[in-house]
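Undergrad: Mind looking over this structure? Questions follow.
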Amino acid sequence: MDAGTANQGRIAAEFERLREQGKKALVTFITAGDPGVDFTVPVMHSLVAGGANLLELGIPFSDPEAEGPTIQAANERALANGMTLTKVLDMVVEFRASNSTTPVILMGYLNSVLAMANFAHRAKGAGVDGLIMVNLPQEEAAGLRQTLTAEGIDLVSLIAPTTADQRAKEIVTTASGFLYYVSLKGTTGSAAIAVDEVAERTSFLQTLTSVPICVGFGIKDAESAAAVSAHADGVVVGSALVQLMSDSADPMTASKRLETATAEIRHGLDG
Amino acid sequence: MAEPILEANTQRSYAQPTDSGYFGEFGGRFVAETLTHALDGLAELYAELKDDPEFKKELYEDLAHFVGRPTPLYLAERMTASLGGAAIYLKREDLNHTGAHKVCNTIGQALLAKRMGKPRVIAETGAGQHGVATATVAARLGLSCDVYMGEEDVHRQSLNVYRMKLMGANVIPVTSGSKTLKDAMNEAMRDWVTNVDDTHYIIGTVAGPHPYPMLVRDFASIIGQEARAQMLQQVGKLPDVVVACVGGGSNAMGIFHPFINDTDVDLVGVEAGGRGVSTGAHAAPLNDGKVGVLHGNRSYLMSDDDGQVMETHSVSAGLDYPGVGPEHAHLKDIGRATYAAATDDEAMEAFRMLNRQEGILPALETSHALAWVVENARKMSADQTILVNLSGRGDKDILTVADIDGITL
């Protein structure tokens, strides 16, 4: 049993299934409660219908320091809509009422999670499978990882283009769920991705671990997703979808648009 | 006089932070993975250079001939007499080049940037003092400079904005969030994560991720090093109390640090009480905050039950920040320093008193420390002394004060 399947939960099961089918994972990100609280759960189902394999749900935060303008604006809208972490968990519960297999991963900033007593237990109870903490590097992560692991929740580790080889070796020793490779120096939704550079780093990471590697930041469409996925186990698409959400007047429109967009990317990946 | 900088007293028992940047349970490094490499590099370079004779010589020369150090220690005789208690000594940081202590840190960090071969520096600023100090050293060293400043602060500190532009810096108004200092810091972090290869981020206070709280403190500590020696020389004894205002807390750490092992000396930080700590409209996380994580470190923070960072209020833009340097959080928790708060009105009253009685125009930030003096000097005896960090001058605040007085200049 390697670290990637240690929790034997939905995330490991989904990657196992994809591996058997020879497919790449499509991971989608939206901010919970943006642009309206009633958009989130219907859109989560639409993303799955369009071909998303794992769902990342952003926990709205007042100071999202690693996000580009698109996701910053989504955070501000969601907070203006009265979103809290408790309400994010409620949305996961609602989603789970009719989907018990698609992994749900919360993504956000440490202060949100620290403010909730017994977060790990409550998240597990809601049906959360993983957590990505943008501002929690390896050195600071041990305590939270321990409480999450006890509940069977994966703390997904991030690796950046600036991560030195030795440091990457240390990070993979505790990797669980999947490894999130940040494809470029910048904020979410930044400019073009350099596929060659990504390929060089992911092939190095693949020599270190059997934990699946997903690449995010800068992937906007079917073409970039397909190009990157040749060098990874999956891709993460965020800002492009968040932009579509914000342009949608109602949950129905958003659901249709995001399902179509996801299906296009899925098609690109399955090419 | 400038010699003692960066030289820890060897008999010291207080040695913070740890190698991983912790002051007790506070501090650390809570940043995106992309930045950890640059922070490691900065910490390594600083460890190498802090005792390097050539680096220190370069720093001392700039502090002496460019900044004008040492700054005087001045007995405020009329203020002392009118309050009728302890003798009040002012460490005249308002007399630094650019008008505040901030330049001591920016010179140090700009020299580090030069050693790293980084041609560009960025900074966040609230009142504009740190922005001006960064623009100044960037001009002095020929570095390209971008300063992030909340849109609201761009309006209330227009004089400093223009000063920065005159020195060739680009001032970028920040329109996200509350449009103040914390949002400027978010935006600077976003810039840095994107341009980390050729850019050094000059953080202006003892906050941010490790090693910033340590290195900003060390560069600011020349204030306390000089003041401690001057007290011994001019007064013949150490002060009974050292007082400084606390926003992020760099001027306070700078004057406190050399006194930490002098346990007979009380250290008092004064936060921005805004409309009153009980009203919630303030910027006093050590008085009314909880432990949290923002901008790379764990410290006291004004945040709500959901972990959202709250909006702050202070008449002074430089104190209008929801967090505080982690070393202050540690000093509070171990009881080595105490932290009071002064309201907008109390700070304004002290501001006027220093103008009238001493002919010194203090910054509104600094006026919070003076408000504590106004309140407490009279409770002390005439043979006791208070050392106040007069951290900056108030020219930048004249429009704000005139506005409060209902006068259009």
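Undergrad: If only one of A:VAL182, A:VAL198 is more than 17 Å from the chain's Cα centre (by Cα), modelled with pLDDT under 95 and buried (at least 21 other Cβ atoms within 10 Å of the Cβ), which one is it? Please lay out each step first, then the result.
TA: On the way: A:VAL182 fails: more than 17 Å from the chain's Cα centre (by Cα).
One residue alone meets the criteria, A:VAL198.
Undergrad: In the range A:229-244, which residues are closer than 16 Å to A:GLU264 by Cα and out of contact with any Ser or Thr (no Cβ under 7 Å at 6 or more places or on another chain)?
TA: Passing the criteria: A:SER229, A:GLY234, A:VAL236, A:ALA240, A:LEU244.
A quick yes/no check of all residues on (1) out of contact with any strand residue (DSSP E or B) (no Cβ under 7 Å at 6 or more places or on another chain); (2) part of a strand (DSSP E or B); (3) of a type in the set (Val, Ile, Thr):
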{"position": "A:GLY189", "(1), (2), (3)": "yes, no, no"}
{"position": "A:ILE193", "(1), (2), (3)": "yes, no, yes"}
{"position": "A:THR202", "(1), (2), (3)": "no, no, yes"}
{"position": "A:VAL211", "(1), (2), (3)": "no, no, yes"}
{"position": "A:VAL242", "(1), (2), (3)": "no, no, yes"}
{"position": "A:SER248", "(1), (2), (3)": "yes, no, no"}
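Undergrad: Could I ask something else about it? So which residues in the range A:133-157 are within 11 Å of chain B (Cβ to nearest Cβ) and open to solvent by less than 30 Å² (accessible area, probe 1.4 Å), if there are any at all?
TA: Matches in the range A:133-157: A:MET133, A:VAL134, A:ASN135, A:LEU136, A:PRO137, A:ALA141, A:SER157.
Undergrad: Condition first: open to solvent by 10 Å² or more (accessible area, probe 1.4 Å) and within 14 Å of chain B (Cβ to nearest Cβ). Now tell me which residues in the range A:90-109 satisfy that.
TA: Result: A:ASP90, A:MET107.
Undergrad: Give the residue, chosen from B:ALA133, B:ALA123, B:ALA138, that is of a type outside the set (Val, Ile, Thr), within 20 Å of the chain's Cα centre (by Cα), away from every other protein chain (no Cβ under 14 Å) and not in a helix (DSSP H, G or I).
TA: Numbers: B:ALA133 fails: not in a helix (DSSP H, G or I); B:ALA138 fails: not in a helix (DSSP H, G or I).
When all the criteria are applied, what remains is B:ALA123.
Undergrad: Among the residues of the range B:269-293, count how many are open to solvent by 10 Å² or more (accessible area, probe 1.4 Å), in a strand (DSSP E or B) and in contact (Cβ under 8 Å) with a residue 24 or more places away in the chain.
TA: Of the residues in that region, 1 qualify.
Undergrad: Select from the range B:198-227 the residues that are open to solvent by 20 Å² or more (accessible area, probe 1.4 Å) and closer than 26 Å to B:TYR22 by Cα and list them in ascending order. Don't jump to the end; show me each part of the working.
TA: Initially, the range B:198-227 is screened for residues open to solvent by 20 Å² or more (accessible area, probe 1.4 Å), giving B:198, B:214, B:225.
Once the filter is applied, which keeps residues that are open to solvent by 20 Å² or more (accessible area, probe 1.4 Å) and closer than 26 Å to B:TYR22 by Cα, the range B:198-227 yields B:MET214, B:GLN225.
Undergrad: Pick out, from the range B:9-84, the helices (runs of 4 or more DSSP H) lying fully within it that include 2 or more residues that are within 14 Å of chain A (Cβ to nearest Cβ).
TA: Numbers: elements: B:33-49, B:53-62, B:77-83.
By residue number, B:33-49.
Undergrad: Next question, about the same structure. Check whether at least one residue in the range B:160-169 is among the hydrophobic types (A, V, I, L, M, F, W, C), farther than 23 Å from A:PRO137 by Cβ and open to solvent by 20 Å² or more (accessible area, probe 1.4 Å), and report yes or no.
TA: There is at least one residue in the range B:160-169 that is among the hydrophobic types (A, V, I, L, M, F, W, C), farther than 23 Å from A:PRO137 by Cβ and open to solvent by 20 Å² or more (accessible area, probe 1.4 Å).
Undergrad: Testing B:SER144 on (1) open to solvent by 50 Å² or more (accessible area, probe 1.4 Å); (2) out of contact with any Pro (no Cβ under 8 Å at 6 or more places or on another chain), one condition comes back false. Which one is that?
TA: Result: B:SER144 fails condition (2) only.
Undergrad: Condition first: without any contact (Cβ under 8 Å) to a residue 12 or more places away in the chain and either closer than 27 Å to A:MET116 by Cβ or open to solvent by 10 Å² or more (accessible area, probe 1.4 Å) (or both). Now tell me which residues in the range A:158-171 satisfy that. Walk me through how you get there before you give the answer.
TA: Here is the first cut: in the range A:158-171, the ones without any contact (Cβ under 8 Å) to a residue 12 or more places away in the chain are A:163-164, A:166.
Of everything in the range A:158-171, those that are without any contact (Cβ under 8 Å) to a residue 12 or more places away in the chain and either closer than 27 Å to A:MET116 by Cβ or open to solvent by 10 Å² or more (accessible area, probe 1.4 Å) (or both) turn out to be A:ALA164, A:GLN166.
Undergrad: Given the criteria farther than 30 Å from B:MET310 by Cβ, outside any helix (DSSP H, G or I) and at pLDDT 95 or above, does B:CYS104 qualify? Give the steps one after another, and end with the answer.
TA: Values: farther than 30 Å from B:MET310 by Cβ: yes; outside any helix (DSSP H, G or I): no; at pLDDT 95 or above: yes.
Criteria not met by B:CYS104.
Undergrad: So B:TYR89 passes all but one of these: (1) open to solvent by 10 Å² or more (accessible area, probe 1.4 Å); (2) outside any strand (DSSP E or B). Which condition number does it fail?
TA: Here B:TYR89 clears every test but (2).
Undergrad: Hey, which of the helices (runs of 4 or more DSSP H) in the range B:158-259, taking only ones fully inside, have at least 2 residues that are within 20 Å of B:LEU112 (Cβ to Cβ) and either within 14 Å of chain A (Cβ to nearest Cβ) or modelled with pLDDT of 95 or more (or both)?
TA: Numbers: elements: B:158-166, B:181-195, B:212-220, B:222-230, B:250-256.
Of the helices (runs of 4 or more DSSP H) lying wholly inside the range B:158-259, those with at least 2 residues that are within 20 Å of B:LEU112 (Cβ to Cβ) and either within 14 Å of chain A (Cβ to nearest Cβ) or modelled with pLDDT of 95 or more (or both) span B:181-195, B:212-220, B:222-230, B:250-256.
The values are calculated or read from the model by the stated rules, or taken from the named source; none is laboratory data. Note that the coordinates shown come from a computational prediction; the quantities given were computed from them, not determined experimentally. All Cβ positions, even for glycine, are placed from backbone atoms using ideal geometry, and neighbour counts span all protein chains on display. Heavy atoms of the whole protein, side chains included, go into the accessibility calculation; ligands, DNA and RNA do not. Shrake-Rupley method; radii C 1.70, N 1.55, O 1.52, S 1.80 Å.
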